[in-house]
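K.L.:
Please find one structure pasted underneath; my questions will follow.
The values are calculated or read from the model by the stated rules, or taken from the named source; none is laboratory data. This structure is a prediction, so every number in the text was calculated from the model and none was measured. Cβ sites come from the backbone with ideal geometry, for glycine too, and all protein chains shown count toward neighbours.
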Amino acid sequence: MRTGRMVLGLAGGGLALLLGARGPGERLRVVVANDNRVPAGRLRGDTLAIRLVVGRATWRPEAPNGPAIEIAAFSEEGKAPRVPGPLIRVRTGTTIVATVRNALTDSTISVHGLATHPAAAADSIALRPGESRTVRFRAGAPGTYLYAAMLGRRHFDVDDEADAASGALVVDSAGGSAPDRILMLNIWGKTIDSSTYRNALAINGRSWPWDERMQMTVGDTVRWRVINATVRNHPMHLHGFFFDVTARGNQLADTTYAAGARRSVVTEGMLPYTTMDMAFVPDRPGNWLFHCHIGFHVVPDTRLDPPGPSDHDRMSDDPAVHMAGLVVGLVVKPRPHAVAPDRRGARELRLFVDEGVPRGRAARALSFVLQRGDRPPAADSLEPPSSVLVLTRGEPTDIHVINRLNESAAIHWHGIELESYSDGVPGWSGAGSAVAHMIPPRDSFVAHLTLPRAGTFMYHTHLNDFEQLTSGLYGGIIVLEPGQTYDPARDHLFVAGWDGPGGAIRTRPPTVVNGEARPAPLTLAAGVPHRLRFVNIGVAGRFAFSLFQDSTLATWRRLAKDGGDLPASQATRGPARQLLEVGETFDAEFIGAPGEYRLVAGPPKDPLWVQRLIFKE
C-alpha cells in the first residue's frame with residue numbers, strides 16, 4: 001500500500017524536489033481553488049462552447065502563503081488555472097463543443113471523459129506539446145462524471161499523481177436538478193526516492209483546515225455529488241448522520257438508484273475515478289465532519305511540510321493542527337426555539353482508557369475497559385481490542401470516560417447519531433465556542449448517547465491515530481432492540497484492526513480480529529441462526545470477510561450495513577463474502593450444518609487472518 005510509504009517518507013524532501021519539469025520561458029500562473037459552484041464555458045441556445053488549456057501552474061493547497069508545488073492544471077483559455085478543473089455542467093441534450101490545448105512544452109497528454117455518457121469504452125484524445133483539438137458531443141444521460149488529462153500516459157492507473165489533472169462534468173435532467181454541491185477529491189503525489197513519497201490531499205482544491213466549511217440548518221435536505229479524481233481508494237465517512245447513496249458511477253456511466261434500493265450508510269467506499277451522489281437531512285445542530293477514513297489521508301503527516309517524529313501536532317487539541325488532508329467541516333445551525341432532549345433517568349456506564357503490557361507486534365497496548373460491578377478495573381487491565389459495549393435502542397446512556405493514560409485521549413462514537421458535543425473530535429465537536437476538548441491525563445468526560453436504531457457500530461480514538469488506534473484504542477458497539485438481551489452464543493462480533501502501525505508500501509497490514517492474530521477455534525450450535533457482525537477499523541486497507549466449508553464458499557443472508565438495515569432488494573441470501581472498507585460494519589445471518597468452517601479475512605489463498613468455526617448439534 002502506498003499509504004505506508006507515505007507515512008515513512010513524508011519528513012524528507014524539500015521544495016526543490018516538489019517542482020516538476022518546466023519548459024524554457026514558460027510562465028507559471030497561480031491556481032485558484034475551484035468550489036465547483038460556477039459552470040464554465042459559454043452557453044448559447046442548446047450548445048455549450050468551452051476552451052480548455054492544460055499547462056503548468058503553481059498550486060498552494062494549504063494556506064495562501066503555504067508551501068507551493070508545480071502541477072499540470074486545467075484552465076479556461078485566458079483565465080486562471082483551477083483545481084479541480086473548470087466545471088462543465090449542462091442539461092441533458094446539450095451539445096458540448098470542447099477545445100483542448102496542450103500548453104505543456106515537455107509532455108504529450110491524453111484527455112479522457114469528453115464524450116457522451118454512458119460510454120461503451122473509455123475515450124482518449126492524444127495531444128502533443130502545443131497541439132489543440134476540438135471535440136463535439138451530446139451530453140448524454142443525467143449523472144455525475146469527470147474528465148481528466150494524463151501526462152505521458154493513456155491510462156488512469158498512474159503511479160505518480162503529479163501527472164494528472166481533472167475536472168467535474170455534470171449532466172442535469174431536462175428539468176434541472178435540485179440544489180446540490182460538488183465535492184471533488186484531488187491528490188498531487190510524487191515519488192522522490194525509494195522511501196519518500198510527498199503529496200498534497202485536497203477537496204475542491206484545498207486541504208483541511210483551509211477548505212470550505214459547509215453551512216446548513218437543521219431540517220435542510222443536503223445533496224452532494226462526490227467525485228474521487230484520484231488513483232486511490234477512499235472510504236468516505238460522515239459523522240453524526242446517516243446518508244442515502246442515491247447514485248454511483250465510474251468513468252463510463254452513472255446509475256441512479258430507485259428510492260427502495262438506496263442504502264442508508266455512514267461510510268461509503270469510493271474506488272479510483274468513481275462518483276457518488278448522496279443526500280441527508282441533518283436533524284441535530286453543531287459541528288460535524290465528512291472525511292476519508294484512511295488514517296494516512298487525514299493526519300498532520302499529509303501536509304506538504306509534515307511535522308517531525310517528535311512533534312506534538314498529532315496530540316494537539318486544535319483541530320486545525322491534529323487533522324489535515326481529506327476532511328470537510330460541516331456547521332449545522334439550530335432551528336429557532338429548539339428544545340434540548342430529556343436525559344432524566346439515563347443509564348450510567350464507566351469506561352476507562354488504560355495501558356497495559358504489550359502482547360503483540362505493537363509497541364504499546366492500549367484499551368478502553370468497561371467497569372463491571374462496583375469496583376473499577378485495574379489500571380493496567382486490557383480487553384483486546386477494547387470492551388464490547390451493549391446498549392439499547394432509545395435508552396439515554398451517559399458514558400463516563402476516565403483517562404488513566406499519561407497522554408490525552410478522545411473517543412469518536414462512529415456511526416452513532418448523537419449530540420455534536422459528544423462526537424469526540426477534540427476542539428471541533430460542539431458549536432461556536434462551546435466545543436469539547438480532548439480528555440487530559442487523569443481527567444474524564446461524559447458522552448451523552450441516545451441510540452435511535454439497533455445495529456452494529458464502533459468507537460475509536462480520534463487523536464494520534466497511527467499510534468493510539470494501532471495500539472488498541474477501538475472497540476465494537478452492539479445496539480439491541482428494547483426488551484432484547486445479548487446472547488453471545490448466537491450473536492458474534494468480529495472487530496478487525498491493526499496490531500502496530502505496519503510497514504512500508506505494499507506490505508501486508510498486521511491484521512488482528514478481536515485482538516487476536518491466531519485465534520482459537522470457536523464452537524457454535526448447528527442448525528440455528530447466528531448473527532455475524534463485522535467491523536473494519538484498521539488504519540487503511542479494504543478486505544473481504546469470507547466463510548468457507550472446505551474450499552466451498554458458504555451462503556448467508558445479508559442483514560445490515562453500518563448499523564442500517566439493508567433495503568429488501570439487498571437483504572438476500574447469497575455467497576458468504578463481504579468486502580469491508582475502513583470504517584464500515586456489516587451484519588449477516590448464518591445457519592451452519594454440522595462440520596468445520598473457516599472464517600477468513602483477506603484473500604482466501606493467502607489470508608490476513610483465519611478462525612475455525614466448528615458447528616455441533
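K.L.:
Do the conditions hold for A121, that is, is it under 29 Å from the mean Cα position of the chain (by Cα) and either more than 15 Å from L169 (Cα to Cα) or among the hydroxyl-bearing types (S, T, Y) (or both)? Give the derivation first.
P.N.:
On the way: under 29 Å from the mean Cα position of the chain (by Cα): yes; either more than 15 Å from L169 (Cα to Cα) or among the hydroxyl-bearing types (S, T, Y) (or both): yes.
Yes.
K.L.:
Could you list, in sequence order, the residues of the range 451-474 that are more than 19 Å from P509 (Cβ to Cβ) and crowded, with 21+ Cβ neighbours inside 10 Å?
P.N.:
L451, G455, T456, F457, Y459, H462, L463
K.L.:
A568: out of contact with any strand residue (DSSP E or B) (no Cβ under 9 Å at 6 or more places or on another chain) and either closer than 28 Å to V266 by Cα or among the acidic types (D, E) (or both), yes or no?
P.N.:
So A568 passes the test.
K.L.:
For a quick check of your reading of the model, give me the residue pairs whose first member lies in the range 359-370 and is of a type in the set (F, W, Y), whose second is at pLDDT below 95, with beta-carbon atoms closer than 9 Å and at least 6 apart or on different chains.
P.N.:
Short answer, once both residue conditions are applied: F368/E383; F368/P385.
K.L.:
For the range 74-86, enumerate the residues that are in a strand (DSSP E or B) and surrounded by fewer than 21 Cβ atoms within 10 Å (Cβ to Cβ). Don't jump to the end; show me each part of the working.
P.N.:
Applying the first criterion (in a strand (DSSP E or B)) to the range 74-86 yields 74-76, 81-83, 85-86.
E76, the sole residue that qualifies.
K.L.:
Out of curiosity, is R42 at pLDDT 95 or above, loosely packed, with under 15 Cβ neighbours inside 10 Å and on the phi < 0 side of the Ramachandran plot?
P.N.:
yes
K.L.:
Scan (1) crowded, with 20+ Cβ neighbours inside 10 Å; (2) in a strand (DSSP E or B) for the single condition G502 breaks and write down its number.
P.N.:
Only one criterion is unmet by G502, namely (2).
K.L.:
Return the residues of the range 217-246 that are of a type in the set (A, V, I, L, M) and either in the same structural domain as E62 (by TED's automatic domain parsing) or touching a helix residue (DSSP H, G or I) at 6+ places or on another chain (Cβ under 7 Å) (or both); say none if nothing qualifies. Don't jump to the end; show me each part of the working.
P.N.:
First, pick out the residues of the range 217-246 that are of a type in the set (A, V, I, L, M): 218, 222, 226-227, 229, 231, 236, 238, 245.
The answer is V231, and nothing else.
K.L.:
Test each condition in (1) outside any loop (DSSP other than H, G, I, E, B); (2) modelled with pLDDT under 95; (3) surrounded by fewer than 22 Cβ atoms within 10 Å (Cβ to Cβ) for I71 and report the one that comes out false.
P.N.:
Every listed condition holds for I71 apart from (3).
K.L.:
Here is a further query. Confirm whether T274 is modelled with pLDDT of 95 or more and buried (at least 19 other Cβ atoms within 10 Å of the Cβ). Step through it out loud before you land on a result.
P.N.:
Details: modelled with pLDDT of 95 or more: yes; buried (at least 19 other Cβ atoms within 10 Å of the Cβ): yes.
So T274 fits the description; yes.
K.L.:
If you don't mind, another one. Looking at the range 605-617, which of its residues are within 27 Å of C292 (Cα to Cα) and either not in a strand (DSSP E or B) or not assigned by TED's automatic domain parsing to the domain that holds W498 (or both)? Talk me through it step by step, then tell me what you get.
P.N.:
Just the residues of the range 605-617 that are within 27 Å of C292 (Cα to Cα), to begin with: 607-609.
Answer for the range 605-617, where residues must be within 27 Å of C292 (Cα to Cα) and either not in a strand (DSSP E or B) or not assigned by TED's automatic domain parsing to the domain that holds W498 (or both): P607, L608.
K.L.:
Any residue in the range 220-231 that's under 15 Å from G249 (Cα atoms): show its pairings with residues that are assigned to a loop (DSSP other than H, G, I, E, B) and not hydrophobic (A, V, I, L, M, F, W, C) at Cβ separation under 7 Å, as long as the two are six or more apart or on different chains.
P.N.:
Hits for this filter: W224/D180; R225/D180; N228/P272; N228/Y273; N228/T274; A229/P84; A229/Y273; T230/P272.
K.L.:
In the range 156-184, how many residues are at pLDDT 95 or above, in the same structural domain as S110 (by TED's automatic domain parsing) and β-branched (V, I, T)?
P.N.:
Within the range 156-184, residues that are at pLDDT 95 or above, in the same structural domain as S110 (by TED's automatic domain parsing) and β-branched (V, I, T) number 2.
K.L.:
For S207, state whether it is surrounded by fewer than 18 Cβ atoms within 10 Å (Cβ to Cβ) and either outside the structural domain of V328 (by TED's automatic domain parsing) or modelled with pLDDT under 95 (or both).
P.N.:
Here the answer is no, as S207 does not meet what is asked.
K.L.:
Right, next: Looking at the range 332-356 only, could you name the residues that are of a type in the set (A, V, I, L, M) and surrounded by fewer than 18 Cβ atoms within 10 Å (Cβ to Cβ)?
P.N.:
A338, V339, A340, A346
K.L.:
Also, I was wondering about something else. Among the residues in the range 514-529, are any surrounded by 23 or more Cβ atoms within 10 Å (Cβ to Cβ), within 25 Å of T461 (Cα to Cα) and not acidic (D, E)?
P.N.:
No, the range 514-529 has no match at all.
K.L.:
Within the range 530-544, which residues are surrounded by 22 or more Cβ atoms within 10 Å (Cβ to Cβ) and aliphatic (A, V, I, L, M)?
P.N.:
Result: L532, V535, I537, V539, A540.
K.L.:
Scanning for something assigned by TED's automatic domain parsing to the domain that holds L405 and of a type in the set (S, T, N, Q), does the range 505-512 turn up at least one residue?
P.N.:
Checked against the condition, which is being assigned by TED's automatic domain parsing to the domain that holds L405 and of a type in the set (S, T, N, Q), the range 505-512 yields no hits at all.
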